[in-house]
């Protein structure tokens, strides 16, 4: 089992507020790692630090180390543009661009300029297929992305991310704005995606974490309370707080 | 102790109050529309008789029956066209810098923001004096189309910048973040999603500002627009006159015939303004359809 991302002693601050305290964990290649915990526990902050999206927030500072293959992510000189191509992100609310379905999927590659034009069409099809959206949209590729349903929009956002050929997929509660059927579709999709990608998913739903993930980390008040195989964590939690949370005593 | 009022009495009072305010608002609208209507009717009555193709294609003349507005019409188009070319790119660029790149906590950014808002309220004649000192004299551009356009650009830049900033602000951050998270650089995010979504707002603000510039006469007297010329401008370094200048020139003459052709000039001016605003609306609708 290969470690894809190694987090060591990560401390994260929003101004004076410490959002993450001394987090150390390993993310394994081609596995789904779920992050659970109550609202405000730092799980979203954690995945934002992996693709440096926190750069956009005034006063956000990360200390410690996150290594990704040979790169130190937190290094000031790390090229975030290159980093975000390799570590894609899907957001909580579907955020398709106000463009056609085709333009949405090809948005990244057209602007990176590293895929020759003749391969665009094939890339469009393969990305939509990987996001299991192709059959639903193949007859209307030039229509606006806003004509799709919420669940389809979220899969379009996944397709858009896959088109830039990332190695890691970060998902920040990708199903929280979707209905159960759309959620089920995305969960099925994740099962497929992990063959090719390393997936880190933040979720509010413990059932979802238990259903889809290989590893689970439980966050509470900015600390990583417990991290391990999903089966073990849900059947025999080591920490009392984990047990309380997964049995529904709080949160 | 308060006296207890029945539900029905209160309801009646509320409805009455509603009627009163409705009446007040209606009358404010009617008053302003009436004033405008009287003006327009007056102008049409005086001017329509003199308005024909000759009027548009002739040179100004000291004999009102032969006078036309061609140099002023072309001068206005030259100056406003050049003003658009200068002020819109500079305005959008400034707005992008202030909204996307500038450090919003720095004193420089705060000072700049306050100043831009203030500049929008400076009387236009002040810009005329500034244009005369800087462009006409210091930079030795002379009283030319270019100096006039530069002065008008200064005058409307604050309005363009403020409306562009608002349009850029209105682009949802989820869209910008979505683009950045794909590993698309800041600049390509701006050209890829931010500007296309902000275009309707930016264009509306810019065209409205330009139509305001079109009516300016005061600062243009300062920077050397001529009241009466009988040649056409054919480069940006030529001297020129403008429609408002010519209209002003004509209205200051005692003969009744000049008052009539001044009214005809005003009609042309109003049509020009109407066309510009129409363009703004068309552009806004077209770009909006593309976005939705």
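The values are calculated or read from the model by the stated rules, or taken from the named source; none is laboratory data. All values derive from a computational prediction rather than experimental measurement. Using ideal geometry, Cβ is built from the backbone for each residue, glycine included, and neighbour counts are taken over all protein chains shown.
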Identify the residue in region A:232-244 that is part of a helix (DSSP H, G or I) and touching a helix residue (DSSP H, G or I) at 6+ places or on another chain (Cβ under 8 Å) and, among all such residues, is farthest from residue A:34 (Cα to Cα). A:242
The lone condition residue B:228 fails out of (1) more than 14 Å from chain A (Cβ to nearest Cβ); (2) part of a helix (DSSP H, G or I) is (2)
Flag for residue B:237 being at negative phi and away from every other protein chain (no Cβ under 14 Å): yes
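Going by the conditions given, is residue B:70 assigned by TED's automatic domain parsing to the domain that holds residue B:256, over 30 Å from residue B:241 (Cβ atoms) and surrounded by 15 or more Cβ atoms within 10 Å (Cβ to Cβ)?
Numbers: assigned by TED's automatic domain parsing to the domain that holds residue B:256: yes; over 30 Å from residue B:241 (Cβ atoms): no; surrounded by 15 or more Cβ atoms within 10 Å (Cβ to Cβ): yes.
Criteria not met by residue B:70.
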Check on residue B:287, part of a helix (DSSP H, G or I), within 14 Å of chain A (Cβ to nearest Cβ) and closer than 29 Å to residue B:200 by Cα: yes
Residues within region B:257-287 that are more than 15 Å from residue B:43 (Cβ to Cβ) and over 22 Å from the mean Cα position of the chain (by Cα), tallied: 1
Counted residues in region B:144-184 being in a helix (DSSP H, G or I) and at the interface with chain A (Cβ under 10 Å from one of its Cβ atoms) come to 9
Take the residues in region A:148-166 that are farther than 17 Å from residue A:87 by Cα and in a loop (DSSP other than H, G, I, E, B); name whichever of them is nearest to the other protein chains (Cβ to nearest Cβ). A:148
Quick check: is even one residue across region B:236-247 exposed (fewer than 15 other Cβ atoms within 10 Å of the Cβ) and more than 22 Å from the chain's Cα centre (by Cα)? yes
Among the numbered criteria (1) part of a helix (DSSP H, G or I); (2) closer than 23 Å to residue B:43 by Cβ, which one does residue B:254 miss? (1)
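For region B:185-194, which residues satisfy the criterion of being surrounded by fewer than 18 Cβ atoms within 10 Å (Cβ to Cβ) and either in a helix (DSSP H, G or I) or not assigned by TED's automatic domain parsing to the domain that holds residue B:163 (or both)?
B:186, B:187, B:191
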Can you tell me which residue within region B:195-214, out of those that are within 12 Å of chain A (Cβ to nearest Cβ) and surrounded by 21 or more Cβ atoms within 10 Å (Cβ to Cβ), is modelled with the lowest pLDDT? B:200
Within region B:99-121, is there a residue that is in contact with a helix residue (DSSP H, G or I) (Cβ under 9 Å, 6 or more places away or on another chain), buried (at least 18 other Cβ atoms within 10 Å of the Cβ) and closer than 24 Å to residue A:52 by Cβ? yes
Here the residues within region A:47-99 that are over 28 Å from residue A:149 (Cα atoms), more than 8 Å from chain B (Cβ to nearest Cβ) and in a loop (DSSP other than H, G, I, E, B) are A:52, A:57, A:59, A:69, A:70, A:73, A:74, A:75, A:76, A:77, A:78, A:79
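Per-residue answers, yes or no, for (1) under 17 Å from the mean Cα position of the chain (by Cα); (2) over 18 Å from residue B:85 (Cβ atoms); (3) at pLDDT below 95:
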| position | (1), (2), (3) |
| --- | --- |
| B:125 | yes, yes, yes |
| B:128 | yes, yes, yes |
| B:134 | no, yes, yes |
| B:143 | no, yes, yes |
| B:148 | yes, no, yes |
| B:173 | no, yes, yes |
| B:183 | no, yes, yes |
| B:186 | no, yes, yes |
Hits in region A:148-180 - residues which are on the phi > 0 side of the Ramachandran plot and under 11 Å from the mean Cα position of the chain (by Cα): A:173
Going by the structure shown, is residue A:190 surrounded by fewer than 21 Cβ atoms within 10 Å (Cβ to Cβ), away from chain B (no Cβ under 12 Å) and modelled with pLDDT of 90 or more? no
Which of the residues belonging to region B:22-60 are under 21 Å from residue B:232 (Cβ atoms), free of Cβ contacts under 8 Å to residues at least 24 places away in the same chain and surrounded by 10 or more Cβ atoms within 10 Å (Cβ to Cβ)? B:52, B:54, B:57, B:58
Of A:24, A:44, the only residue that is touching a residue at least 12 places away in the same chain (Cβ under 8 Å) and part of a strand (DSSP E or B) is A:24
